[in-house]
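Participant: Just dropping this structure here.
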Amino acid sequence: MAVGGVLLLAFLLRVWGLLSGNLVPHPDEIFMVIYPLGLFSGDLNPHHFHYPNFHFYELGLVYGLHFIVQYLFGEGRSLIDWAAHHFFWGAESMMDVARLIGVAYSMGTVALAGLLARELATWRGHSGSAERCDIGQTAVATFLAMLLMAVNVLHVRQSPIASVDVPLAFWFGMATWGGLRLLTRHEVRDYLIAGTLVGLSAACKYPGVMSCAAVMTAHLIARRRVLDSRLWLAGLASIVTFLALSPYIALDFETFRAHFLHQIVHVEEGRDFIPAPFYHHLWISLRLGSGHLVWVVSLAAFGVALWERRSAHLAVVAPIVCGYAMVSWGELVFLRYALPLLALQAALSADLVARFLSWVPVRTPQLKWAPYVCALLLTAEPLHESLHTVRLQSMADTRRQARADLTEIIPDGSVCCNFGGWAGDVPLWTYEELWWRSARFVSRFGMQQLADAIPDLTANRPDEPFVSYALQGRNRHLSEGSMELLHGRECRYVLMHRHSLVYSAVDSGFVPQLERIAERFAVWGPPIAEDSAHYDPMDGYYLPFDGGRSVARTGPTIEAWRVRGYERRSNRPDNPFSQAFAVWAAVLMREGRPKDARVALEAARVLEPKSPYVAMFLSAWEGENGDLAQALEMAQYVAEGAPWLTGAKTHYGRLLRQAGRLAEAERQLLQARGHNPMQGEVWHELAMCYFESGAYAEAAEAWTRAIELRPTRADYSFNLAYTYLEYLDAPERAVAPLRTAMAKGHDVTDAQIKLAQAYLKTGNRAEAMRWYEEALLGNPDEEQKSDLATVLLQLNRESSL
């Protein structure tokens, strides 16, 4: 009955937040939906090997059962329509399925902790001999281990998350149990079972291979030979199991190798958040997860095991040591990496406490409650913290609150500047997210399958606005705030978030700038600063690790601002996929894949033939890869039909300039400047127009303004310097922008040569020679090298004279 009560407590702690519907989301959970759903394309290669593939296949089987049930008793969607629906709109429901699987695994781990403690409690031998202990002591150890695992804060916190870490904790413990069995069992089947469990652990996540330490240690302690065929059969069974559950590691070895090496580099480099990463799990994960008292007991149990060298205890200590080394050797030490060690920690601690209680004369009336008092003392702290964790998990965090409110405020098609960081963004529906999912769906199912699914997807689209987030992967360096981005994209709204986690940071100097052009209209955030709570500093997960008693609600503090001057009509497409495909095409063009970009644009035009947004991207494609006349025709259609569209007139002016129609280009660009004088690209295009028409002073003035608005553009600084040097006879004014261009990454050799020329024209021969020498040392091409050598030789001769 006590065991049943512990399991019920463990279940409630792990499922409560999930059943509330407000579980704090983790940014990586989406991959536990996208990758398994991709298997329904018929291609069983996940094409993703940052993790082994076992859990993806496991989730795929469960998702397949979900499809069969809905097909027979529910909506009756075809396989492709069902997969597409959950790929795009229904990912949250699949995520809940994956989360429930995690809860099931975590319950298994709670029971497994008791099983390991029972094995330790019943084994009191040295060097292969065994003697049975008191049945009451075994029961106490089993009960305590399960209870310690049930209330472990880290395990409670991570169990409802869709990930591979909680399943790994189960399989790692099972492999340890398989190794323990070899102390008293020596049949071939026992070795095959142990090897298979090690293979399952490794197939769940690569560090799981360290569970083999239990098998090897038990084999050696039992005084069996290293060359024993049974041990090698266990190793073979683990390899066969690993490859059977992740077959494409061998079948697609080159992709696996690239992804695996990327993970190695990622772990080595880390994120510089932890001062002493090797001790991080010992001091933080294991201490705060189990509570201070249990942590001290576990250290004592570890020391006693090494001192007494009891066979079973050493077989548990070995995977703890090897597992700890595996998850701590690099600079990347997420708290969740310690999950495989928790059941082993609980078992060792419970066994030591049970041994201590066995010395207590429980028949004495005053001491008969000793086991219960001891259990209460050990679990009071972690249970208290776990209850606070569950409280926060069951409350809608600030991002959910902000989303619910903003969907009633922000119009469809709005452009929003989302500052702070990717993990804390308000999860609005965005065209960029739609593009991301479309690209992954097409990579697995093909473009035709997506085209066939779009009518059903469009008919069942969420009844919420779609917006555009200006900050994406290519410009994440601007996440702390950028007026340049705000004006460049003409953001109608600014959504920014702040938190003690580095994933939510806004430059303090950005807010005063924003206050001059925008008004804040909403704030969502905890009333008490979250700085007093402990978070995993490496993880973009906004749930405190220590229960967060001082935090009223999870999530970052979010602010919503409305920018004045950009209130014109939003670019609302009839079909959100048309705009998503246009975004996709822009990404493909930046990647140098014009043919694929054209396919995406044609698909966008089929969905919405008269979309000015799509037409502008088609015009840009034609301007770079096709017919300039056709590009001009489409650009004119957009500029005249949708002048409110961001960049429409600027784009038209650029094409007119490229066609040599400078007067018309200047007229369009002046109109664009009048509409948005804070957009740096307009000033750059206007400067180019002035330059090509011979108005060099006006060009220099326009480039100066462009640099003020877009200070990150090295080419603007170089163009300004070139104009001063070659056309305005002002070499002294070219020096500063040339140095700026070099600092921003412009072609260094070219800039150094121009800088040397500028110094030479100002009469500073020493600086000129220095920069010519720098250019010569910068590995220029052969023609430049010859010219530079000639110039330096001439300057040296003149200096000697």
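The values are calculated or read from the model by the stated rules, or taken from the named source; none is laboratory data. Computed from a predicted model, the values in this text were never measured in an experiment. Because the Cβ atoms are built from the backbone with ideal geometry, glycine has one as well, and the counts that use them run over all protein chains shown. Calculation scope for accessible area: heavy atoms of the full protein, side chains included, ligands and nucleic acids excluded. Shrake-Rupley method; radii C 1.70, N 1.55, O 1.52, S 1.80 Å.
Participant: Could you pull the Rg and Dmax for the stretch 385-483, using just the Cα atoms, both in Å?
Facilitator: Every Cα atom of the stretch 385-483 included, Rg and Dmax give 16.7, 51 Å.
Participant: Oh, and also: Arrange the peptides 787-798, 160-171 so that the one whose residues have, on average, the most other Cβ atoms within 10 Å appears first.
Facilitator: Final packing ranking: 160-171, 787-798.
Participant: Using only DSSP helix segments of four residues or longer, with each worth -39500 (n - 2.57), what per-residue ellipticity at 222 nm results for the chain after dividing by its residue count and rounding to 500?
Facilitator: Estimated from H runs of four or more residues: -20500 deg cm²/dmol.
Participant: Could the peptides 172-179, 83-90 be put in order, highest first, of the mean number of other beta-carbon atoms found within 10 Å of their residues?
Facilitator: Final packing ranking: 172-179, 83-90.
Participant: Right, something else. Between Glu187 and Gln448, what is the label-to-label distance in nm when each label sits 7 Å out along the Cα-to-Cβ direction?
Facilitator: 5.5 nm
Participant: Give me log10 I(q)/I(0) at q = 0.16, 0.28 Å⁻¹ for the stretch 746-801, Debye formula, one equal scatterer per alpha-carbon, no solvent.
Facilitator: So the normalised log intensities work out to -0.42, -1.15.
Participant: Computed FRET efficiency, Cβ-Cβ of Trp89 and Phe278, R0 35 Å: what is it to the nearest 0.05?
Facilitator: With a Förster radius of 35 Å, E is 0.20.
Participant: Let me ask something additional. At what distance in angstrom do the alpha carbon centres of the stretch 473-508 and the stretch 671-733 lie from each other?
Facilitator: 26 Å
Participant: Just grab the label-to-label distance for Leu227 and Ala300, each label 7 Å out from Cα along the Cβ direction, in nm (one decimal).
Facilitator: Placing both labels 7 Å beyond Cα along the Cβ direction yields 4.6 nm.
Participant: What part of the accessible area of the chain, given as a whole %, is carbon or sulfur when the probe is 1.4 angstrom?
Facilitator: Carbon with sulfur: 59 percent of the solvent-accessible area.
Participant: When Rg is the radius of gyration of the Cα atoms in the stretch 566-719 and Rh is its Kirkwood radius, what does Rg/Rh come to?
Facilitator: 0.98
Participant: Where in the stretch 706-742 is the amide nitrogen less than 19 Å from a point lying 7 Å along the Cα-to-Cβ axis of Asn475?
Facilitator: 706-717, by backbone N distance to the label point.
Participant: Working from the pairwise distances between different alpha carbons, so that the mean of 1/r is found and then inverted, what is the stretch 467-621's Kirkwood radius in Å?
Facilitator: 18.2 Å
Participant: With every protein chain left in place, what is the accessible area per residue of the chain in square angstrom, probe 1.4 Å?
Facilitator: Using a 1.4 Å probe on heavy atoms only, each residue of the chain averages 42 Å².
Participant: Follow-up. Looking at the square roots a ≥ b ≥ c of the eigenvalues of the Cα gyration tensor of the stretch 110-247, which shape do they give, rounded for a/c under 1.5, prolate if a/b is larger than b/c, or oblate?
Facilitator: Judged from the Cα gyration tensor, the stretch 110-247 comes out oblate (a/c at least 1.5, b/c at or above a/b).
Participant: Rounded to the nearest 10 degrees, what's the angle between the helix 765-777 long axis and the longest principal axis of the chain, both from Cα atoms, 0 to 90?
Facilitator: Taking the Cα atoms of the chain, the angle to 765-777 is about 50 degrees.
Participant: Using Cα positions and a limit of under 15 Å, work out the aspartates and glutamates in reach of Lys595, with same-chain residues fewer than 8 apart set aside.
Facilitator: Once the sequence-local aspartates and glutamates are set aside, what remains near Lys595 is Glu622, Glu624, Asp627.
Participant: So what's the Cα pair-distance distribution over the stretch 651-695, bin width 10 Å, in %?
Facilitator: 35, 57, 8
Participant: Among the aspartates and glutamates, which have Cα under 13 Å from the Cα of Lys610 when same-chain residues fewer than 8 positions away are ignored?
Facilitator: Those aspartates and glutamates meeting the cut-off are Asp574, Glu602.
Participant: Only bridges whose two residues both fall in the chain count here: according to DSSP, what percent of them are antiparallel, nearest 5?
Facilitator: Within the chain, antiparallel bridges account for around 60 percent of the total.
Participant: Report the FRET efficiency, 1/(1 + (r/R0)^6), for Leu12 and Arg590, where r is their Cβ-Cβ distance and R0 is 56 Å, rounded to 0.05.
Facilitator: 0.65
Participant: Something else: Defining a contact as two alpha carbons under 8 Å apart and six or more residues distant in sequence, what relative contact order in percent does the chain show?
Facilitator: 11 percent
Participant: Next up: Which whole-angstrom value gives the distance between the alpha carbon centres of the stretch 143-167 and the stretch 292-318?
Facilitator: A separation of 21 Å, based on Cα centres.
Participant: With a/c under 1.5 counting as rounded, go ahead and sort the chain into rounded, prolate or oblate using the C-alpha gyration tensor (a ≥ b ≥ c being the square roots of the eigenvalues; past the cut-off, prolate if a/b is larger than b/c, else oblate).
Facilitator: Prolate, because a/c is 1.5 or more and a/b exceeds b/c.
Participant: Still on this structure: Is the stretch 1-146 best put as rounded, prolate or oblate by its Cα gyration tensor, with a ≥ b ≥ c the root eigenvalues, rounded for a/c under 1.5, and otherwise prolate when a/b is larger than b/c, oblate when not?
Facilitator: Taking the square roots of the gyration eigenvalues as a ≥ b ≥ c, the stretch 1-146 is prolate.
Participant: Taking θ = phi - 60°, what integer Hz values does the Karplus form 6.51 cos²θ - 1.76 cosθ + 1.60 yield along the stretch 213-229, in sequence order, with x for Gly and Pro?
Facilitator: Those phi angles translate into 4, 5, 5, 5, 5, 4, 4, 6, 5, 6, 6, 10, 6, 5, 8, 4, 4 Hz.
Participant: A further question follows. I'd like to compare 759-771, 212-224: which one has the highest average count of other Cβ atoms within 10 Å, and what's the full order after that?
Facilitator: Most protected by this proxy first, the peptides run 212-224, 759-771.
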